[in-house]
Amino acid sequence: MAKELTTERLTLRPWHLDDAETALGVYGDASIARWLSPAMDTVADLGAMRLVLQHWIGEDERLVPPAGRWAIERRDDGRVIGGAVLLPLPPGGDDLEMGWHLHRDVWGKGYAVEAGQRLARWAFDEGLDEVFAVTRPANDRAGAVARHIGMDWVGETEKYYGLRLQVFRMRPADLEG
């Protein structure tokens, strides 16, 4: 199960079924879901979001740390503003992918960078020597966040999820720099 992680402004914690309404504000938004990889359909309604969360919670219980799925919650008001992941990348699952998905009304406030840096720190503290982020080439915002986190652009590939994706990588020294 994902360990609770904190930053100055955020708590990254395991998902709960009662997060469905706020999660739907992210994963039910077509302008966000279209960028996710692996590809994910827009979640249609509250019932469907509960099913997705139920799946994620079950999956999280089987993942080996530092892998996990987290709800991103603001510490000042307790509002869930999105989700974050550290998940094995296909095809072999040897590399971990870092991802972040935030409600549109909190874009541009540095939350994705803050969450991403905390996930990277967690991964490196747990012994990983690198983490990756994969983004769709037209998703300039995600690429900019990856760079702000401290990740380096590696190139493009079709290795993951059967999609053409840009690959970013971070190593412990990148987090320090």
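Just a yes or no: is a residue in segment 10-32 basic (Lys, Arg), over 28 Å from VAL64 (Cβ atoms) and open to solvent by 10 Å² or more (accessible area, probe 1.4 Å)?
no
Regarding ASP45, is this residue modelled with pLDDT under 95, in contact with a helix residue (DSSP H, G or I) (Cβ under 9 Å, 6 or more places away or on another chain), open to solvent by less than 30 Å² (accessible area, probe 1.4 Å) and not small (Gly, Ala, Ser)?
Spelling it out, it is not the case that ASP45 is modelled with pLDDT under 95, in contact with a helix residue (DSSP H, G or I) (Cβ under 9 Å, 6 or more places away or on another chain), open to solvent by less than 30 Å² (accessible area, probe 1.4 Å) and not small (Gly, Ala, Ser).
Kindly indicate the residue of segment 48-84 that is among the basic types (Lys, Arg) and in contact with a Leu (Cβ under 7 Å, 6 or more places away or on another chain) and also surrounded by the fewest Cβ atoms within 10 Å (Cβ to Cβ) among those meeting that condition.
By that ranking, first place goes to ARG75.
Could you list, in sequence order, all residues of segment 91-112 that are surrounded by fewer than 10 Cβ atoms within 10 Å (Cβ to Cβ) and aromatic (Phe, Trp, Tyr)?
none
Here are some residues: LEU36, LEU53. Which one is aliphatic (A, V, I, L, M), touching a helix residue (DSSP H, G or I) at 6+ places or on another chain (Cβ under 9 Å) and at pLDDT 95 or above?
LEU53
Do we find that LEU96 is in contact with a strand residue (DSSP E or B) (Cβ under 9 Å, 6 or more places away or on another chain), without any contact (Cβ under 8 Å) to a residue 60 or more places away in the chain and hydrophobic (A, V, I, L, M, F, W, C) in this structure?
So LEU96 fits the description; yes.
Look through LEU163, LEU119 and report the one residue that is more than 20 Å from LEU12 (Cβ to Cβ), hydrophobic (A, V, I, L, M, F, W, C) and touching a residue at least 40 places away in the same chain (Cβ under 8 Å).
LEU163
The values are calculated or read from the model by the stated rules, or taken from the named source; none is laboratory data. None of these values were measured; they are calculated from a predicted model. Note that we place each Cβ from the backbone using ideal geometry, even for glycine, and neighbour counts take in every protein chain shown. Keep in mind that these areas ignore ligands, DNA and RNA; they rest on the heavy atoms of the full protein, side chains included. Shrake-Rupley method; radii C 1.70, N 1.55, O 1.52, S 1.80 Å.
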